[in-house]
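Heads up, the thing below is written out as structure tokens.
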Amino acid sequence: MQEPAPATSSAKSSRIIERILDGIRESERICVVGHVRPDGDCIGSQLGLAIALKNQGKKVVCWNQDPMPKKLAFLDPDKLLQKPEKGREFDCVIATDCASFERLGTAAACIGDRKLFINIDHHASNTRYADVNWIAARQPSTGELIFRLLRAANWAITREIADCLFTAISTDTGSFQYPSTRPATYYVAGKLVDRGADLAKICNEVYQSYPLSRVRLLRHVFNHFRLTHNDQIAYFWLKKADFARTGAEQDDAEGLIDHIRAIEPVCVACVFEEAEPELTRVSLRSKSDKVDVNEIAKLFGGGGHKAAAGARIPGKPMTVQRQVINAIKKALNSKH
């Protein structure tokens, strides 16, 4: 009996996959890049693809502006992920899980000398900035797309690749809890377990092991979060002083928003994080299918998904807070 496809196939996506594989076959020197402040889907997709390309005999570098989050370091024992460096030439550059060219950060200035630029992503807000763009907004993770690519190429999915891609899929689906999770997602996850993904190790490293500094930061969140609009909106601030006081690093803040999103009356959760004195990084999460936070983020030059989005907003902190909260209130009012 033939195996079912891991995701809905279309002639268009099949053609794009073939174009990507043709480009890879014709390339020797390949760079795999991802977005700033990488999450599990970004790191897992970058590393999974980079390892697969190396196994095909390609000369591969894997670049990200920001350091590897500590909880994901187990995926990269060989330290493939490096900081970008100028002066390199590539036959092909592949961006994974990155919605815009600007989100590549300092890597963007280091990949200009290339023949082909490929963009593989699942964000609806993707700006299609490359020569070949495979944007599958209905897919819950870029990790699934990399799995489809490797399977179409008939490349071996080793245990280390399976660990990377399972982590990518698991983290971007909230451990298979988000509404974006589809039947095909479980299928792909099952195939990755078949190929040796170490569930116990992944779950321990990603979900069940935190530094004390993150716990201190979480205590700050619970002590300082605010509710408004009949408790439908929850928000909190993370200032540089909060990180300094708790000894936490930026990647310790990953997932803190989910704790206030889980409060029963809350429909939209928001984190305001100080990037510079007058630049705020805003993260938004919605658990109402009637509130699309991607549309809210787009008002401020950001983007993402319907249930998870973000933006970097210039201006005085309290002005930014007021504008964003007002936009959320407007979205909530219009859903009734």
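The values are calculated or read from the model by the stated rules, or taken from the named source; none is laboratory data. Note that the coordinates shown come from a computational prediction; the quantities given were computed from them, not determined experimentally. All Cβ positions, glycine included, derive from the backbone under ideal geometry; neighbour counts span all protein chains shown. Heavy atoms of the whole protein, side chains included, go into the accessibility calculation; ligands, DNA and RNA do not. Shrake-Rupley method; radii C 1.70, N 1.55, O 1.52, S 1.80 Å.
Ignoring ligands and nucleic acids, what accessible area does SER180 show with a 1.4 Å probe (Å², nearest 10)?
Counting only protein heavy atoms, the figure is 50 Å².
As a test of reading the structure, rank TYR186, TYR178, TYR235 by solvent-accessible area (1.4 Å probe, protein chains only), most first. Don't skip to the end; give the middle numbers.
Numbers: TYR186 120, TYR178 70, TYR235 35 Å².
Ranked list, largest accessible area first: TYR186, TYR178, TYR235.
With a 1.4 Å probe and all protein chains kept in place, how much accessible area does SER170 have, in Å² rounded to the nearest 10?
For SER170, the solvent-accessible surface is approximately 0 Å².
Taking R0 as 22 Å, what FRET efficiency do you get between ASP231 and ASP289 from their Cβ-Cβ distance, rounded to the nearest 0.05?
0.70
Segment 126-178: which chymotrypsin sites (Phe, Trp or Tyr not before Pro) are DSSP loop and have at most 10 other beta-carbon atoms within 10 angstrom?
none
Compute, for LYS79, the solvent-accessible surface of its heavy atoms (probe 1.4 Å) with the complete set of protein chains present, and express it in square angstrom to the nearest 10.
Taking all protein chains as shown, LYS79 has close to 130 Å².
Taking only C-alpha pairs under 8 Å that are 6+ residues apart, what is the relative contact order of segment 186-336 in percent?
Answer for segment 186-336 is 15 percent.
So if the hydrodynamic radius of segment 251-299 is defined as the Kirkwood radius over C-alpha pairs, what does Stokes-Einstein give as its diffusion coefficient at 4 °C and 1.567 mPa s, in µm² per second? Let's see the in-between values first.
On the way: Rh = 11.8 Å.
Rounded, D is 109 µm²/s.
What are the ³J(HN,Hα) values, in whole Hz, obtained from phi via the Karplus relation 6.51 cos²θ - 1.76 cosθ + 1.60 with θ = phi - 60°, for each residue of segment 31-47 in sequence order, with x given for Gly and Pro?
Along segment 31-47, the couplings run 10, 10, 10, x, 6, 4, 6, x, 9, x, 5, 5, 5, x, 5, 4, 5 Hz.
Only Cα pairs under 8 Å and at least 6 apart count here; give the relative contact order of the chain as a rounded whole percent.
Working: 630 pairs, mean separation 42.4, N = 336.
Computed over the chain, the figure is 13 percent.
Could you tell me which of VAL266, ALA309, VAL320 has its Cα farthest along the dipole of segment 263-336 towards the positive end, charges placed at Cβ (Lys, Arg +1; Asp, Glu -1), taken about the Cα centre?
Farthest towards the positive end: VAL266.
Which entry in [x] 17.4; [y] 16.5; [z] 22.0 is this structure's computed mean projected area of the Cα convex hull in nm²?
Structure-derived value, by its label: [x].
Among the listed pairs LYS240/LYS329; LYS306/LYS330; LYS59/LYS79; LYS71/LYS287; LYS70/LYS239, which are separated by more than 18 Å between their Cα atoms?
Where the Cα-Cα span goes over 18 Å, the pairs concerned are LYS240/LYS329; LYS71/LYS287; LYS70/LYS239.
Compute the distance in nm between two label points, each set 7 Å from the Cα along the Cα-to-Cβ direction, one at GLU26 and one at LYS12.
2.3
Could you tell me whether segment 205-320 comes out rounded, prolate or oblate from its Cα gyration tensor? Rule is a ≥ b ≥ c as square roots of the eigenvalues, rounded for a/c under 1.5, then prolate if a/b exceeds b/c, otherwise oblate.
Oblate.
Figure the gain on full extension for ASP131 and ASN154 (residue separation times 0.36 nm, minus the Cα-Cα span) and round it to one decimal in nm.
Result for the pair: 5.9 nm of gain on full extension.
When we measure straight from the Cα of LYS86, which aspartates and glutamates land under 13 angstrom away, once same-chain ones fewer than 8 places off are left out?
Excluding near neighbours in sequence, the set is ASP113.
State to the nearest 20 debye the size of the charge dipole of segment 191-301 about its Cα centre, where the only charges are +1 on K and R beta carbons and -1 on D and E beta carbons.
Using Cβ point charges on Lys, Arg, Asp and Glu, segment 191-301 gives about 180 debye.
Going by Cα centres, segment 225-254 and segment 12-48 are how many Å apart?
Answer, in whole Å: 33.
On a 0 to 90° scale, report how tilted helix 212-224 is relative to the longest principal axis of the chain, with both axes built from alpha carbons and the result rounded to the nearest 10.
40
Testing the spin-label approximation: label points 7 Å from Cα along Cα→Cβ at PHE222 and GLU249. State their distance in nm.
It is 2.5 nm.
Within segment 259-311, what whole-number % of the accessible surface is contributed by carbon and sulfur, with the 1.4 Å probe and all protein chains included in the calculation?
Here carbon and sulfur together make up 50 percent of the probe-accessible area.
Please figure out what share of the DSSP beta bridges in the chain is antiparallel and state it in percent, rounded to the nearest 5.
Details: 20 of 48 bridges.
For the chain, the DSSP antiparallel bridge percentage is about 40.
Using helices alone, I'd like the mean residue ellipticity at 222 nm for the chain: each DSSP H run of four-plus residues gives -39500 (n - 2.57), total over residue count, nearest 500.
For the chain, the value works out to -11500 deg cm²/dmol.
At R0 = 30 Å, how high is the FRET efficiency between ASN55 and HIS259 if r is their beta carbon distance? Nearest 0.05 is fine. Don't jump to the answer; show the numbers that get you there.
On the way: r = 39 Å, r/R0 = 1.31.
Working from the Cβ atoms, E equals 0.15.
With +1 on the Cβ of every Lys and Arg and -1 on the Cβ of every Asp and Glu, and nothing else charged, how large is the dipole of segment 256-297 about its Cα centre, in debye rounded to the nearest 20?
Numbers: 5 positive and 9 negative charges, 45 e Å.
Approximately 220 debye in magnitude.
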